[in-house]
Structure formats: C-alpha cells, structure tokens
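Everything on this sheet refers to the single structure shown next.
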2 protein chains.
Amino acid sequence: MKKLVNDPKNVVDEAVAGFGAAHADIVRVSLDPVFIVRADAPVAGKVGIVSGGGSGHEPLHGGFVGFGMLDAAVPGAVFTSPTPDPILAATKAVDGGAGVLHIVKNYTGDVLNFETAADLAEADEIEVRTVIVNDDVAVKDSLYTAGRRGVAGTVLVEKIAGAAAARGDDLTAVATVAEKVIGQVRSMGVALTPCVVPHAGEPSFTLADDEIEIGIGIHGEPGRERIKLEPADAIVDRILGPILDDLPYASGDKVLLFVNGMGGTPQVELYIVFRRAAEVLAERGIEVTRTLVGNFTTSLEMQGMSITVLKLDDELTALWDAPVHTAALRWGK
Amino acid sequence: MKKLVNDPKNVVDEAVAGFGAAHADIVRVSLDPVFIVRADAPVAGKVGIVSGGGSGHEPLHGGFVGFGMLDAAVPGAVFTSPTPDPILAATKAVDGGAGVLHIVKNYTGDVLNFETAADLAEADEIEVRTVIVNDDVAVKDSLYTAGRRGVAGTVLVEKIAGAAAARGDDLTAVATVAEKVIGQVRSMGVALTPCVVPHAGEPSFTLADDEIEIGIGIHGEPGRERIKLEPADAIVDRILGPILDDLPYASGDKVLLFVNGMGGTPQVELYIVFRRAAEVLAERGIEVTRTLVGNFTTSLEMQGMSITVLKLDDELTALWDAPVHTAALRWGK
C-alpha cells in the first residue's frame, strides 16, 4: 500500500485538521468529537442541515459545508459510520432555533447512528427531521445496506435542500424538497479497480486485469455483475439504461446529468463518459439542462465512475442555481 | 490497461466534445483543429489569453477557459505538444483587437510550437506576447525540457493574468503581471505510481511497491531521487524545503499555498499534506493567506501530489480574488 499518510489511525483527524486549515474562511472543525461546521454556525432562524458518513468519499460531505449547502458534516472513520456522539454535537452546533435536517445515505450503520443522535437531540429540544438517500439502482439490499444504497445523488440532495434552507424554508419545507429530489434522482456506477482502506492496508476486493464491476457500491460492495472491460460507450449504455428505466425518465423530461469520478479516474475519461451519456439522453428525447462532472462522491483512489440523473422542474432548477459557497462547489458568491 | 475509453486514438477528441457538451454555458469547442474557447470569444478590446499543451493534465488547461481566466486552451495529444495550427486558430478566435498573451509551460515542443504560431499570428497582424512558466524546482534540464519545467504554478499564472486582462490591462501590463507571478512561484512534486498514456497502453516508467519518485515531472519525467516510501509529513518536508529555499521565501512573506493532486490521490491525502505544509510555513514565519487544494494539474491517474507556493502582494491577492467563471475554478460570479 502506497499512500500519503502518517499513522493510518490518524488519517481522518489529520485530513480534517488540514481541511480546516485550508478553508478557515468557510468552515471550522472540531477534532474531539470530529465534525466540520460552517464558520458562522449556527445561523439564527435558519434550518440547519447535517450530513455525514464514513470518510473516504471526499469531497462528500465536508467539502459541501458552507453557505447554501450543509451546515455541518460528520466524518466517520474510513468507510465506517460516525457514532451518535459527533452527530449529536454537530446537530447542536448548527441549531439556529428552526430545527435540523439530517441527510443520511442509506447504509444500516449510518441510519441507526443518525437515528440515535436525532433521538438525543430531540431530548435536548432540537427538532430533527431525517431523509434517507437511496439513489443507487444497481441492487436492492447489499453489503451494509437494507434496500438501495445512497451514492452520488446525495450531492444533489444536499445542494438543493441547502438552497431551500438558505432561502428561509421551514423544516417541513426543507425536508419536503429533499424528499422530492430523492424521489427523482437515480444513479449507478462501475469500478475498474478496487481501493485500499488505509487501516486495512489491502484492497477490499480484487478485479482481474481485464475485468470491471458493473453496479459497484461506493465502498466496493458487489454490484450486478463482473464483465470483461468494454469500450467506454458500451459501459455507459450498460449503466445508463437501468437508471433511465427505473424512474422512469421520459421523452420531454429536463434533467441534471452528473458524471461522478470514483477518485482515481482521469478527467478526460469522465468527459468521454459524459459525451456518450448526453448522446443517449438526446436519443431518448430527454433534455440535459444542468450538468456536473468531476470527483464529488469518491471511493478513495478507486478507478471508475457513476452516472446520476435528476429530473428537474422549475423549482429544483432554481434551487440548484442558487448561490453556494463551499470548498467543493461554489458559484454565485 | 483499464481505462474508460473507446479507441485510444480518439481520447482527446471525445473528451473535448464531452467537455463542450457539459459546459456549453462557458465554452465552445472546435474539433478540427482541436481547441476550446470562451463562449463569448472574442471579447472586443480585451487582451486574449491562450494556453495549451499536451492533454492528460486536466483540468489544465481547458477547465480554466472562461470569464476572468483563459480565453482559449489548445490541447495536444496526451502528453504531446499541440501543433502550431490549432494554436494559431485559437489565437485568431480570441483576438479582440488588444493583442493575445500566450502562456506556455516550459517544454521544448510547447515553446517551439507556440513560437511558430505566434509568428504566424503576427504575420496576420495580431500582436502576441509569450510568457514561459518554469516553476518546478526539482531539476534543471529534463526529459522534454531545457531549463526548469512548467507545472502546477501555471494555474496561478493563468488565474492572475486572466484577472488582469478582465480588468482591462493592456497586453504589456498583462504580460508583466504574468511574469511577476512566474518570478514568485515555485513548485515540486512526488509520484507514488506511474500513469498509462492511452495510446501507449503501458506505464511510462515503473516504481517498486515501496518506492516513490521525489521531484517527478507531470509526464513522469525523472525527478531528483527515488526513495523508499516515507510518512506523508516526511515527504512534505522533502519537497517543501527546496521550494522555500529556492526563491527564497522569508519570514513575514504572505503566500498562496497550493496542494495539487496528480490525479489518482484521494482528497484525504491531499489535506494531510496541506496540514503539514501549513505547519512548516508557520514554523518559518511565512503566512498562508490564500489556499488551493485539489486536482488542478494532473498526470492522468498518477498517484502523488505537488506543492506550489506563490509569494503574494496586495496586487496579486486582489487579482487572485477577482471573479472567475470556468469549469474548474469559479467564484464571485
């Protein structure tokens, strides 16, 4: 294992400390317990939004803390749910008196620990609502998950819910718009290589030199099938088909097309993927009106990508376009 | 070789087409010859800025085309200089009557081809000035290069020169501020793994499982030495020392600290590197007033990073902070 780390046990602490030092204009960080909050939290009268989950998916979630998106992010150990304590601490830190929304990716540990933290926060008289993101159409039930997994669509939920909170929506309204995004977003991914969790020191799975995993999870959980490597366009067709058939998306729909890198895939490859995905959508009469391309929900250094499609309407488009100022997404400010 | 590509010969064309489709609000692309220009080019009365070089370093340079940065980027084949023809075409496409600045990384092929294109443009009565970026302190003379190589510091030159052009500086003034940045920026990198050029199909060099290359070039050119893998902090110390001693940077200096990922390194590792780099600068009394962390000048899927330090003054800080709207850097708009 070759990584730019010191003691593998300290990866998250040191990365969070570095993140706080690099982005002190946007966030402040707590190292005990570990969480990242907006520099100006809590914002009085605004719904607070907290997300979190295992580390190793950066910039998710810490990179999305700031104006117009998350108020706090709670990173667990690499690929491991954060415990209730830091989630509770983050929830308290962002409570501006209007309640707090928890955005949780659908993994059993995350769901349980956020639920415990929400119960403890309610006991402290902070109103908490929770939404569960489950956009991955690859498999139903998986390693770590009952039901569908939450993957890159989470970024879109966080951006749009964050914009709703920033414009002054109350807790019910913010939760409602988050649920609307969850209802209209679907994703699926592919891995070309595994990744190595620092404290494990070896790959969590193996793939032959000519093999790829269709429907991979963001922790390397099994997908639908292993196949021989194919041209990029054929791979795109394999994963975009099930996405589009699932909702289903229909001719005339306007969508946000998001091509997400898993961490180790060069940007030229992501744009080759985008090119074909846009072509397929055009063939089906689906109009791409917003786009996002890059490493936003990663699996450490895994090579691969996922495609996410969000059906837009005027409200979601306006919330997507609204100003955001975070380390990883920034516009309009 | 596992990559998300179709025919390796078409990697650049397909990636550029995908880039144009994804960012049609910011750029338009030409595929014959291949170049990327601002959607609203040419901007009448503004100095045009063109950069370019071999593909495989994305988002450099296409990701920096847009308001407040580059007017055009000319991508060659992967790790191969663009020929004079597309450079000339891009230069003409951005000529708004105030002349054009070429920002060229110091590689022999790039320098020659930009020079030929500049001569042809001058014959067409477009005034061209050229600046050569040579920020890499690792080695003097290298594979592909006489003198120092141009690496990630190029991003800072492009941003700051772009801001100068956007505020209305004339060609001499824009070239002067670009030269000022070049005079005050230094970089050095490290590789943990090689990368594979798609049309070559195999790694351009090899590193043992416990070996890293200190002072790597962005095409995998040899650096200063190969050593056994060390903790991240020790690696940072090895490359930051020569950077700081070179200018030299001194106690009381204000700097922009830029930790650049080579493509395949997870973000947690980049922030572990940032943490130590900021610590070293603080120990030397150097104040970090601006930061940049992420994959901005990559070498395909290479694992590794580089550190860049730019000495700031009020003018450079204001130009760095000025609005920019590109695919890869965006703020204030």
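The values are calculated or read from the model by the stated rules, or taken from the named source; none is laboratory data. The structure presented is a predicted model; accordingly, all values stated were derived computationally and were not measured. Heads up, the Cβs are rebuilt from the backbone with ideal geometry, glycines too, and the neighbour counts pull from every protein chain shown. When the accessible area is computed, the model is the full protein with side chains, heavy atoms only, and any ligands, DNA or RNA have been set aside. Shrake-Rupley method; radii C 1.70, N 1.55, O 1.52, S 1.80 Å.
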So which residues in segment A:67-99 are open to solvent by 10 Å² or more (accessible area, probe 1.4 Å) and under 20 Å from residue A:127 (Cα atoms), if there are any at all?
A:83, A:84, A:85, A:86, A:88, A:89, A:92, A:93, A:95, A:96, A:97, A:98
What about residue A:223, is it open to solvent by 10 Å² or more (accessible area, probe 1.4 Å), on the phi > 0 side of the Ramachandran plot, touching a residue at least 12 places away in the same chain (Cβ under 8 Å) and not hydrophobic (A, V, I, L, M, F, W, C)?
no
For the structure I just gave you, tell me whether residue B:298 is among the polar types (S, T, N, Q) and closer than 27 Å to residue A:57 by Cα.
yes
Would you confirm whether any residue within segment A:132-139 is among the β-branched types (Val, Ile, Thr), at pLDDT below 95 and in a loop (DSSP other than H, G, I, E, B)?
yes
Open to solvent by less than 10 Å² (accessible area, probe 1.4 Å), touching a strand residue (DSSP E or B) at 6+ places or on another chain (Cβ under 6 Å), assigned by TED's automatic domain parsing to the domain that holds residue A:129 and without any contact (Cβ under 8 Å) to a residue 60 or more places away in the chain, is that true of residue A:157?
yes
I'd like the residue in segment B:22-55 that is of a type in the set (A, V, I, L, M), away from chain A (no Cβ under 14 Å) and in a strand (DSSP E or B) and, out of all such residues, is surrounded by the most Cβ atoms within 10 Å (Cβ to Cβ).
B:50
Looking at segment B:123-138, is at least one residue open to solvent by 10 Å² or more (accessible area, probe 1.4 Å), under 24 Å from residue B:83 (Cβ atoms), out of contact with any Ser or Thr (no Cβ under 6 Å at 6 or more places or on another chain) and free of Cβ contacts under 8 Å to residues at least 12 places away in the same chain?
yes
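Could you grab me the full set of residues in segment A:294-315 that are among the hydrophobic types (A, V, I, L, M, F, W, C) and at the interface with chain B (Cβ under 7 Å from one of its Cβ atoms)?
Of all residues in segment A:294-315, those among the hydrophobic types (A, V, I, L, M, F, W, C) come to A:296, A:300, A:302, A:305, A:307, A:309-310, A:312.
Scanning segment A:294-315 gives A:300, A:305.
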From B:256, B:247, B:229, which residue is open to solvent by less than 20 Å² (accessible area, probe 1.4 Å) and aliphatic (A, V, I, L, M)?
B:256
Looking at segment A:140-178, which of the residues that are under 22 Å from residue A:81 (Cα atoms) and acidic (Asp, Glu) is modelled with the lowest pLDDT?
A:141
Is segment A:321-330 home to any residue that is more than 10 Å from chain B (Cβ to nearest Cβ), among the basic types (Lys, Arg) and farther than 23 Å from residue B:11 by Cα?
no
Residues of segment B:240-268 satisfying the condition of being within 12 Å of chain A (Cβ to nearest Cβ) and in a helix (DSSP H, G or I):
B:267, B:268
Failed item, numbered, when residue B:58 is tested on (1) touching a residue at least 12 places away in the same chain (Cβ under 8 Å); (2) charged (D, E, K, R); (3) more than 12 Å from chain A (Cβ to nearest Cβ)
(3)
Hits in segment B:1-21 (condition: basic (Lys, Arg) and facing chain A (nearest Cβ under 7 Å))
B:2, B:3
When the residues of segment B:203-219 are filtered to those that are more than 19 Å from residue A:3 (Cβ to Cβ) and among the hydrophobic types (A, V, I, L, M, F, W, C), which remaining residue is nearest to the other protein chains (Cβ to nearest Cβ)?
B:218
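Restricting to segment B:192-202, give me the number of residues that are open to solvent by 50 Å² or more (accessible area, probe 1.4 Å) and within 13 Å of chain A (Cβ to nearest Cβ).
2
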Pairs, please: C-beta under 8 Å, at least 6 apart or cross-chain, first residue of a type in the set (Ser, Thr, Tyr) and in segment A:85-98, second open to solvent by less than 30 Å² (accessible area, probe 1.4 Å) and not in a helix (DSSP H, G or I)?
A:91/A:48; A:91/A:50; A:91/A:72; A:91/A:100; A:91/A:102; A:91/A:126; A:91/A:128
Using beta carbons and a limit of 9 Å, which pairs, at least six apart or on different chains, have the first residue in segment B:274-293 and closer than 23 Å to residue B:321 by Cβ and more than 8 Å from chain A (Cβ to nearest Cβ) and the second one polar (S, T, N, Q) and surrounded by fewer than 21 Cβ atoms within 10 Å (Cβ to Cβ)?
B:286/B:251; B:289/B:317; B:290/B:317
